[in-house]
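Visitor: Mind looking over this structure? Questions follow.
Since every read-out is calculated from the coordinates, none of them should be taken as a lab result. The shown structure was predicted, so the numbers you read here are calculated from the model rather than taken from an experiment. Reconstructed Cβ throughout: ideal geometry from the backbone, glycine too, with neighbour counts over all protein chains shown.
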Amino acid sequence: LLLGSTWLPLAEGSPKSPFRTFPVTDWSLTHLVVHNKTGEVYVGAVNRIYKLSNNLTLLRTHVTGPVEDNEKCYPPPSVQSCPHGLVTTNNVNKLLLVDYSGNRLIACGSASQGICQFLRLDDLFKLGEPHHRKEHYLSSVNESGTMSGVIIEVLNGQNKLFIGTPIDGKSEYFPTLSSRKLMANEENAEMFGFVYQDEFVSSQLKIPSDTLSKFPTFDIYYIYSFSSEQFVYYLTLQLDTQLTSPDSTGEQFFTSKIVRLCVDDPKFYSYVEFPIGCVQDGIEYRLIQDAYLTKPGKALAKYLGISEQEDILFTIFSQGQKNRVKPPKESVLCLFTLKKIKDKIKERIQSCYRGEGKLSLPWLLNKELGC
């Protein structure tokens, strides 16, 4: 099923003032976050983190690479000698988040199996770089735009970091989705430890080895994430195991999903995912490229017949279900009200309770989940 979407006519016009720019010629840019109070801009790039003023004047630069590394080294050579030869490697910024309660920036790269640096917001001074435990390595995939995270602040409690990442077939090292402890002290040994862990269950979701045996290229790419009320949401792109043949030489199909998880569910029992996409003139657009959650302006709210306080999810989809890495140029801008998304998920869960099917996930090879 595809969630319904709304199409908007684009108004012609020119900007009232010229666009300000931040020209960079040396390194590719990968992420951008804006401080919600100061308006200062933090930019993640290959081998660099930049801090800009609210008018895009460069204030600070923090160097993250290149580094001597090898993707086969577990853990990084700085912790333990590695039998594999080291080569000069670019460090691609894959995750950039502002931790307001800690007055710091979390910048995770592709080097050393995805370790993260904590940088002071004021001057990008490095406060810490946890890298001594397995939990400190978040993702080894060096492709930007495939990893996403959400910080959940807990009043008088333990802050959490929800992380979604592709695993590149390394299910023994990386969960695809996890909830981590976000400690106040960057050197605390519990930093990035799972929020909950016992002998049988922990705050993580792994891609099963039997799924990877049948579909060796299967992965989940996390395009965008956000929190709303008591939930965390992810927009993902993943191999469609129902349309793709296990034969590695066959054609691959992809599908976009919206994932929801309760922030107070340490065992991930509330995990649910739902297909999402757009249809226009009979043509399906199923490859999610980017998204952004915001409130509508007065004109848009009036056009849609909704309140200006309602959350709107803007999305970009490319045509079809093939060519994830190089999607078709034909793309569309669609928007969804978060209320409609919640209603669809609620409807799906209620139908499960009525015995009208299970919450099975195709990539779990149709293993059933409880309602």
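Visitor: How much net charge surrounds Ser179 when only other residues with a Cβ under 12 Å from its Cβ are counted (Lys, Arg +1; Asp, Glu -1)?
Guide: Summing Lys and Arg as +1 and Asp and Glu as -1 gives +1.
Visitor: May I pose another question? Okay, helix-only estimate at 222 nm for the chain: each DSSP H run of n ≥ 4 adds -39500 (n - 2.57), divide by all residues, round to 500 deg cm²/dmol; what do you get?
Guide: -2500 deg cm²/dmol
Visitor: Then there's this: Projected onto the charge dipole of the chain (+1 at Lys/Arg Cβ, -1 at Asp/Glu Cβ, origin at the Cα centre), which of Met191, Leu58, Thr38 gives the Cα projection farthest towards the positive end?
Guide: Comparing the listed Cα positions along the dipole, Thr38 ranks first.
Visitor: Under 10 Å, Cα contacts only: if you run a Gaussian network model on the chain, which one of Tyr173, Tyr234, Tyr269 comes out with the highest mean-square fluctuation?
Guide: Comparing Tyr173, Tyr234, Tyr269 in the GNM, the peak value goes to Tyr269.
Visitor: Using θ = phi - 60° and the Karplus curve 6.51 cos²θ - 1.76 cosθ + 1.60, what whole-Hz ³J(HN,Hα) does each residue of segment 276-288 get, with Gly and Pro shown as x?
Guide: Those phi angles translate into 9, x, 10, 10, 9, 6, x, 9, 8, 10, 10, 9, 5 Hz.
Visitor: Using the number of other C-beta atoms within 10 angstrom as an exposure proxy, rank His35, His62 with the fewest first.
Guide: Sorted ascending by nearby Cβ count, the order is His35, His62.
Visitor: Give the aspartates and glutamates whose C-alpha is closer than 18 Å to that of Lys344, dropping any in the same chain fewer than 8 places away, or say none.
Guide: Hits, sequence-local ones excluded: Glu229, Glu273, Glu310, Asp311, Glu356.
Visitor: Let me ask something else about it. Taking the Cα centre of segment 29-364 as origin, sum charge times position over the Cβ atoms of Lys and Arg (+1) and Asp and Glu (-1), and report the length of that vector in debye to the nearest 20.
Guide: Computed about the Cα centre, the dipole is about 580 debye.
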